[in-house]
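Inspection log for the structure reproduced underneath, given as C-alpha coordinates.
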Amino acid sequence: MKSRNAKFGIRIFGLIIVLALICFGTVGCPPDSENSDDDDDDDNGIAKIISGQWEGSGNFGAVEFEVSSDSNGIESIEVIFSDYTCGNTTNNGSISITYGTPYMIVNRNIDIEIKLGGIGTTDYIELEGTFEDTGDYISGDFELDNGGAVCSGSWEAQPI
(Lines give C-alpha, C1' and ligand atoms only; values in the text may rest on other atoms or scores of the structure.)
Protein backbone atom coordinates (compact mmCIF):
# COMPACT_ATOMS: atom_id res chain seq x y z
CA MET A 1 0.00 0.00 0.00
CA LYS A 2 2.79 2.43 0.87
CA SER A 3 4.35 2.17 -2.55
CA ARG A 4 1.06 3.06 -4.23
CA ASN A 5 0.68 6.19 -2.06
CA ALA A 6 4.33 7.09 -2.65
CA LYS A 7 3.84 6.85 -6.44
CA PHE A 8 0.69 8.99 -6.14
CA GLY A 9 2.62 11.59 -4.10
CA ILE A 10 5.43 11.72 -6.65
CA ARG A 11 2.90 12.23 -9.46
CA ILE A 12 1.20 15.06 -7.57
CA PHE A 13 4.57 16.68 -6.82
CA GLY A 14 5.54 16.41 -10.50
CA LEU A 15 2.21 17.93 -11.56
CA ILE A 16 2.75 20.84 -9.16
CA ILE A 17 6.22 21.45 -10.63
CA VAL A 18 4.86 21.38 -14.20
CA LEU A 19 2.04 23.79 -13.30
CA ALA A 20 4.50 26.12 -11.58
CA LEU A 21 6.74 26.17 -14.67
CA ILE A 22 3.77 26.86 -16.94
CA CYS A 23 2.56 29.73 -14.72
CA PHE A 24 6.05 31.20 -14.38
CA GLY A 25 6.52 31.05 -18.16
CA THR A 26 3.18 32.78 -18.74
CA VAL A 27 3.67 35.55 -16.21
CA GLY A 28 7.40 36.01 -16.69
CA CYS A 29 9.89 37.71 -14.45
CA PRO A 30 9.42 41.24 -13.14
CA PRO A 31 11.41 43.85 -15.09
CA ASP A 32 14.95 44.45 -13.99
CA SER A 33 15.80 48.15 -13.66
CA GLU A 34 19.23 47.56 -15.21
CA ASN A 35 17.65 45.93 -18.25
CA SER A 36 14.79 48.40 -18.63
CA ASP A 37 13.92 49.26 -22.23
CA ASP A 38 12.63 52.79 -21.51
CA ASP A 39 14.24 54.65 -24.41
CA ASP A 40 11.50 57.23 -25.15
CA ASP A 41 9.97 55.24 -27.97
CA ASP A 42 6.89 53.06 -28.18
CA ASP A 43 8.98 49.90 -28.70
CA ASN A 44 8.09 49.87 -32.38
CA GLY A 45 11.00 52.15 -33.21
CA ILE A 46 8.80 55.27 -33.22
CA ALA A 47 10.33 57.97 -31.02
CA LYS A 48 8.38 60.37 -28.86
CA ILE A 49 8.03 63.82 -30.46
CA ILE A 50 10.62 66.16 -28.91
CA SER A 51 9.00 68.73 -26.63
CA GLY A 52 10.01 72.39 -26.52
CA GLN A 53 10.74 75.05 -29.13
CA TRP A 54 10.78 74.21 -32.84
CA GLU A 55 11.59 76.41 -35.83
CA GLY A 56 11.51 76.00 -39.56
CA SER A 57 10.78 77.55 -42.89
CA GLY A 58 8.49 77.45 -45.87
CA ASN A 59 7.94 79.33 -49.09
CA PHE A 60 6.06 81.99 -47.06
CA GLY A 61 8.92 82.65 -44.59
CA ALA A 62 9.41 81.03 -41.17
CA VAL A 63 7.42 79.14 -38.56
CA GLU A 64 8.07 78.76 -34.85
CA PHE A 65 6.07 76.68 -32.40
CA GLU A 66 6.25 74.97 -29.03
CA VAL A 67 5.46 71.28 -28.46
CA SER A 68 3.98 70.60 -25.02
CA SER A 69 6.06 68.85 -22.34
CA ASP A 70 4.03 65.63 -22.81
CA SER A 71 4.65 65.81 -26.60
CA ASN A 72 0.92 65.53 -27.33
CA GLY A 73 0.13 69.08 -28.43
CA ILE A 74 1.19 72.47 -29.75
CA GLU A 75 1.11 75.21 -27.10
CA SER A 76 1.80 78.17 -29.41
CA ILE A 77 2.65 78.86 -33.03
CA GLU A 78 3.94 81.87 -34.95
CA VAL A 79 4.05 82.29 -38.73
CA ILE A 80 6.52 84.93 -39.96
CA PHE A 81 5.92 86.16 -43.50
CA SER A 82 8.92 87.37 -45.48
CA ASP A 83 7.99 89.16 -48.73
CA TYR A 84 5.68 86.33 -49.78
CA THR A 85 3.39 87.36 -52.62
CA CYS A 86 0.10 85.57 -53.15
CA GLY A 87 -2.28 87.12 -55.65
CA ASN A 88 -2.05 90.91 -55.43
CA THR A 89 -0.81 90.90 -51.82
CA THR A 90 2.74 90.72 -50.53
CA ASN A 91 2.80 89.36 -47.00
CA ASN A 92 5.23 90.58 -44.33
CA GLY A 93 5.08 90.52 -40.55
CA SER A 94 3.88 87.77 -38.30
CA ILE A 95 0.80 86.25 -36.73
CA SER A 96 0.79 84.06 -33.65
CA ILE A 97 -1.58 81.99 -31.53
CA THR A 98 -1.14 80.78 -27.96
CA TYR A 99 -3.55 77.99 -27.11
CA GLY A 100 -5.16 77.84 -23.65
CA THR A 101 -5.37 74.07 -24.10
CA PRO A 102 -2.67 72.73 -26.43
CA TYR A 103 -3.70 71.98 -30.01
CA MET A 104 -3.67 68.17 -30.06
CA ILE A 105 -1.23 66.27 -32.25
CA VAL A 106 -3.24 63.32 -33.60
CA ASN A 107 -1.43 60.31 -35.06
CA ARG A 108 1.69 62.50 -35.36
CA ASN A 109 -0.23 64.96 -37.61
CA ILE A 110 -1.23 68.61 -37.32
CA ASP A 111 -3.64 70.69 -39.40
CA ILE A 112 -3.65 74.24 -38.06
CA GLU A 113 -5.58 77.11 -39.67
CA ILE A 114 -4.71 80.66 -38.63
CA LYS A 115 -6.95 83.56 -39.69
CA LEU A 116 -5.08 86.54 -41.13
CA GLY A 117 -6.77 89.70 -39.94
CA GLY A 118 -9.76 90.74 -37.93
CA ILE A 119 -13.28 89.49 -37.42
CA GLY A 120 -15.03 88.49 -40.63
CA THR A 121 -11.89 87.94 -42.67
CA THR A 122 -11.70 84.89 -44.88
CA ASP A 123 -7.93 85.11 -45.36
CA TYR A 124 -5.98 82.33 -43.66
CA ILE A 125 -2.89 80.18 -43.69
CA GLU A 126 -3.29 76.47 -43.07
CA LEU A 127 -0.32 74.35 -42.03
CA GLU A 128 -0.59 70.58 -42.40
CA GLY A 129 2.30 68.39 -41.34
CA THR A 130 3.45 65.01 -40.10
CA PHE A 131 6.11 64.40 -37.44
CA GLU A 132 8.65 61.82 -38.56
CA ASP A 133 9.06 58.56 -36.60
CA THR A 134 12.37 59.95 -35.27
CA GLY A 135 10.41 62.62 -33.34
CA ASP A 136 12.81 65.37 -34.41
CA TYR A 137 11.43 66.58 -37.76
CA ILE A 138 8.12 67.67 -39.23
CA SER A 139 7.27 68.53 -42.82
CA GLY A 140 4.14 69.22 -44.73
CA ASP A 141 2.17 71.57 -46.94
CA PHE A 142 0.64 74.97 -46.44
CA GLU A 143 -2.20 76.83 -48.12
CA LEU A 144 -2.59 80.60 -47.99
CA ASP A 145 -5.78 82.40 -48.98
CA ASN A 146 -5.24 86.10 -49.67
CA GLY A 147 -8.43 87.84 -50.73
CA GLY A 148 -9.51 84.86 -52.82
CA ALA A 149 -6.09 84.11 -54.31
CA VAL A 150 -4.97 80.72 -53.01
CA CYS A 151 -1.27 79.82 -52.94
CA SER A 152 0.41 76.73 -51.58
CA GLY A 153 3.79 75.19 -50.97
CA SER A 154 5.77 73.17 -48.46
CA TRP A 155 7.28 73.78 -45.04
CA GLU A 156 9.47 71.94 -42.51
CA ALA A 157 10.72 72.38 -38.95
CA GLN A 158 12.95 70.82 -36.31
CA PRO A 159 13.56 71.39 -32.58
CA ILE A 160 16.03 74.07 -31.55
Only one of I80, I95, I105 is among the aliphatic types (A, V, I, L, M), within 19 Å of the chain's Cα centre (by Cα) and in the same structural domain as F131 (by TED's automatic domain parsing). Can you tell me which?
I105
Filter result for D111 (assigned by TED's automatic domain parsing to the domain that holds D70, at pLDDT 95 or above, in contact with a strand residue (DSSP E or B) (Cβ under 9 Å, 6 or more places away or on another chain) and not in a strand (DSSP E or B)):
no
Do you know which residues across segment 114-158 are of a type in the set (S, T, Y), over 23 Å from W54 (Cβ atoms) and assigned to a strand (DSSP E or B)?
none
Just give me the residues in segment 48-82 being among the hydroxyl-bearing types (S, T, Y) and at positive phi, in sequence order.
S71
Could you list all residues from segment 65-78 that are without any contact (Cβ under 8 Å) to a residue 60 or more places away in the chain and either surrounded by fewer than 17 Cβ atoms within 10 Å (Cβ to Cβ) or not polar (S, T, N, Q) (or both)?
E66, S69, D70, N72, G73, I74, E75, S76, I77, E78
Extreme residue, farthest from I138 (Cα to Cα), among residues of segment 79-100 that are loosely packed, with under 13 Cβ neighbours inside 10 Å, in contact with a Phe, Trp or Tyr (Cβ under 8 Å, 6 or more places away or on another chain) and polar (S, T, N, Q)
T90
Out of everything in segment 111-160 that is hydroxyl-bearing (S, T, Y) and within 16 Å of N72 (Cα to Cα), what residue ends up being surrounded by the most Cβ atoms within 10 Å (Cβ to Cβ)?
Y137
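The values are calculated or read from the model by the stated rules, or taken from the named source; none is laboratory data. Keep in mind it's a predicted model, so treat the numbers as computed, not measured. When we count neighbours, we look across all protein chains shown, and the Cβ atoms used for this are built from the backbone with ideal geometry, even at glycine.
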